[in-house]
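To start, the structure itself, in structure tokens.
Derivation of every value follows stated rules applied to the coordinates shown; laboratory data play no part. Small disclaimer: the values here were computed from a predicted structure and weren't measured. Virtual Cβ from ideal backbone geometry, glycine too; neighbours counted across all protein chains shown.
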Amino acid sequence: MKKEAKQLTVKIDQVKKVRNDIFLLSFRSAYIAQTAKPGNFLHLKVNTTILRRPLSIHRVKDDLIYILFKQRGRGTKALAEKKKNDQLDLIGPLGNGFKVKRRENSILVAGGIGVAPLLFLAQKLAKRPMSKVPASPAGGQRSTPDNIILMGAKDKKELVCEEEFKKLGFQVKIASEDGSKGYKGFVTDLLKKRLRTSDFGLRANIYACGPKDMFDQINKILKNYKNINTQLSFEQFMGCGLGVCSACVIPTKTGYKKVCQDGPVFNLKEIY
Amino acid sequence: MDLAVNIGKLTLKNPIICASGTFGFGDELKGLVDFSSIGAVVSKTITLEPREGNIPPRIYETNCGVINSIGLANPGVDSFIKEKLPALGKLKTKHIVSLGGSFKKEYKQLVEKLDKEDKVDAFELNLSCPNLGKKKLISQSQKLSSDLIKNLRKLTKKTLIAKLTPEVTDIVKIAKAVSDAGADAVSMVNTYFSLAIDIEKKKSYLGNITGGYSGPAIKPMSLYRVWQVANSVKLPVIGGGGIINYKDAIEFFLAGSAAVSLGTINLTDPNSAKDILKEVKKYMKKNKMKNLGDLRRSFNA
């Protein structure tokens with residue numbers, strides 16, 4: 001089905017507390033389930049705020065849509081307080097999502113709550129058909145490309161979804177800044193190591209979502225690996241979400257681009 | 001019930017106008033929005049040359065309003081004529097094109113380029129963008145506003161609407177000046193100068209530091225100014241500033257507006273014009289009002 005954003009009223013199925021301030025909200029929408037692509041977002045109306053809040057699609061299971069979010073301000077607080085059967089007004093699916101590469105290996109890089117859109121992406125990547133991986137160590141046998149996710153956060157409380165990625169066949173590597181789980185340091189250190197020590201990365205696509213500092217680091221690392229295709233999902237304070245108000249721009253090499261319409265996913269080469 | 005309203009030579013089928021900057025250049029929202037229930041759409045402000053706009057972040061929501069600092073990002077008039085204008089005639093609404101510039105000659109050239117275009121139903125002169133880093137806005141000066149409008153009046157027979165800033169000592173004086181200079185209507189108000197600071201980073205939330213304030217917070221102040229002007233000039237006043245529902249719209253009619261303008265609410269509900277129109281009609285029916293004049297005149301102060 002062709003993606004066309006619609007304004008819909010849906011009924012909340014559940015809002016579940018995953019960790020301290022991380023919540024998982026779900027609702028049913030056959031339309032979103034059929035049309036949404038990984039990296040797309042939904043613009044949710046929150047009755048306590050003036051503007052809508054853009055949140056990416058975390059996961060789709062049949063016609064259940066999941067949104068994973070961290071409670072940060074008034075908007076996410078109101079969303080966290082939603083109850084089963086509450087109505088939710090949304091516009092979506094919106095934005096340019098990740099381009100899912102059919103054949104190559106994947107390295108997902110998640111910074112904090114940036115893990116949110118990557119699970120939906122992982123669902124699609126895991127479902128890719130068996131194909132010949134061009135230079136696989138086994139020598140060109142038919143096999144599914146390999147997937148790995150590098151997850152980073154300040155501490156272990158912020159690390160969520162590990163099991164979900166494992167269930168999809170992803171290898172999971174974890175970094176925490178305080179060392180409370182996995183490698184002590186930044187998730188980008190894991191990426192650097194990966195690329196240095198294995199040729200897996202050289203045939204992979206990178207898909208990342210997290211803070212801007214993380215993207216800056218990824219860009220620095222990739223200066224030595226210019227051929228790795230890398231897609232980054234950005235966030236920005238947003239107005240309409242529909243491309244008309246020009247509020248949510250970020251600087252790119254070809255001028256300001258709208259996160260809501262040109263993004264939220266941009267190729268690294270468009271930005272740096 | 002007659003909801004038609006005349007703004008200069010332009011007749012709108014209903015008095016609900018979508019404000020500049022909240023509806024794109026024309027048809028961007030056609031998949032989501034029922035244009036047939038909108039009286040007119042004012043385009044995002046067009047300038048002579050393309051403008052990239054201000055440094056992001058460009059928008060920040062406060063407790064009761066929204067601060068923006070877009071900085072008139074637009075593709076420039078030539079690109080507007082080539083790429084946006086052709087689609088406009090197909091939508092069942094009127095198109096008011098908002099024009100912006102720093103100098104008289106820029107406005108002159110804009111009007112010259114657009115006057116011959118049939119799909120442009122009227123001009124709104126943005127004399128009040130707060131995000132250009134200039135010391136003075138045109139509509140903060142009676143003389144600058146008056147001179148500009150006198151000049152443009154000679155160039156076009158299309159309806160000329162002056163969009164005013166609320167940031168003046170006496171807005172009635174400015175409204176009188178643009179009226180005497182030949183404007184057909186005033187649209188008011190543009191946003192208020194504002195600032196919001198992130199106390200952790202000790203920096204403004206906006207890349208451009210300051211921005212223009214809109215949304216529910218500004219409604220009472222805007223309503224007051226509309227009431228002042230509507231009581232002192234004969235020109236139709238397009239009133240707005242913080243309207244988010246039909247009750248707000250009714251207040252602006254009662255204060256003397258000939259038409260109302262929806263801004264920030266469009267960002268949240270692109271179909272708000274349709275919803276508000278429906279409720280305004282219900283209100284008028286309940287109050288046995290046959291036209292907008294009945295509604296306007298019913299204010300007992």
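One table, with the values for the structure above:
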{"item": "Quotient of C-alpha Rg and 2.2 N^0.38 Å, computed over the stretch B:1-153", "result": "1.07"}
{"item": "Protection proxy ranking of B:152-162, A:13-23 - average other beta-carbon atoms within 10 Å, highest first", "result": "B:152-162, A:13-23"}
{"item": "Fewest-first sequence of B:Leu72, A:Leu119 by Cβ atoms within 10 Å of each Cβ", "result": "B:Leu72, A:Leu119"}
{"item": "Violating pairs (Cα-Cα greater than 18 angstrom) within the set A:Lys6/B:Lys278; A:Lys156/B:Lys203; B:Lys44/B:Lys94", "result": "A:Lys6/B:Lys278; A:Lys156/B:Lys203"}
{"item": "Dipole magnitude of the stretch A:105-233 about its Cα centre (Cβ charges: Lys, Arg +1; Asp, Glu -1), debye to nearest 20", "result": "420"}
{"item": "Computed Rg/Rh of the stretch B:85-208, alpha carbon atoms with Kirkwood Rh", "result": "1.05"}
{"item": "Cross-link pairs beyond the 22 Å C-alpha cut-off, checked among A:Lys77/A:Lys167; A:Lys258/B:Lys274; B:Lys157/B:Lys234; A:Lys84/B:Lys274", "result": "A:Lys77/A:Lys167; A:Lys258/B:Lys274; A:Lys84/B:Lys274"}
{"item": "Sorted by Cβ density within 10 Å, fewest first, the residues B:Ser146, B:Ser102", "result": "B:Ser102, B:Ser146"}
{"item": "Gain in span if fully extended, A:Asp178 to A:Gln7, counting 0.36 nm per residue against the direct Cα distance", "result": "57.3 nm"}
{"item": "Distance-filtered residues of the stretch A:6-37 - backbone nitrogen under 13 Å, label point 7 angstrom along A:Lys124 Cα→Cβ", "result": "A:33-37"}
{"item": "Partner chain coverage, peptide B:265-271 - average Cβ within 10 angstrom", "result": "6"}
{"item": "Value of D in µm² per second that Stokes-Einstein yields for the stretch B:220-283, Kirkwood Rh from Cα pairs, at 4 °C (1.567 mPa s)", "result": "110"}
{"item": "Set B:Lys30/B:Lys82; A:Lys17/A:Lys45; A:Lys127/A:Lys193; A:Lys61/A:Lys124 screened for pairs whose C-alpha atoms are more than 22 Å apart", "result": "A:Lys127/A:Lys193"}
{"item": "Cα convex hull of the protein assembly as shown - mean projected area over all directions, nm²", "result": "27.4"}
{"item": "Compactness of the stretch A:183-251 as Cα Rg over 2.2 N^0.38 Å, two decimals", "result": "1.36"}
{"item": "For chain B, fraction of C-alpha pairs farther apart than 26 Å, in %", "result": "40"}
{"item": "Three semi-axes of the equivalent ellipsoid, the stretch A:6-94, Cα gyration tensor, whole Å, largest first", "result": "18, 14, 12"}
{"item": "Over chain A: helical MRE at 222 nm, DSSP H runs n ≥ 4 each giving -39500 (n - 2.57), nearest 500", "result": "-5500 deg cm²/dmol"}
{"item": "Alpha-carbon gyration tensor eigenvalues x 5, square-rooted, for chain A, Å", "result": "30, 20, 20"}
{"item": "Extension gain, A:Asn20 back to A:Asp189 (0.36 nm per residue minus Cα-Cα distance, nm)", "result": "58.2 nm"}
{"item": "Helical mean residue ellipticity (222 nm; -39500 (n - 2.57) per DSSP H run of 4+; nearest 500) of chain B", "result": "-8500 deg cm²/dmol"}
{"item": "Separation in nanometres of the label points that stand 7 Å from Cα toward Cβ, at B:Gln109 and B:Ile209", "result": "2.9"}
{"item": "Length-normalised contact order of the stretch A:183-270 in % [C-alpha pairs under 8 Å, at least 6 apart]", "result": "24"}
{"item": "Over the stretch A:105-233 - Rg/Rh using Cα atoms and the Kirkwood inverse-distance radius", "result": "0.96"}
{"item": "Net charge contributed by nearby residues that have their C-beta within less than 10 Å of A:Asp89 (K/R +1, D/E -1)", "result": "+1"}
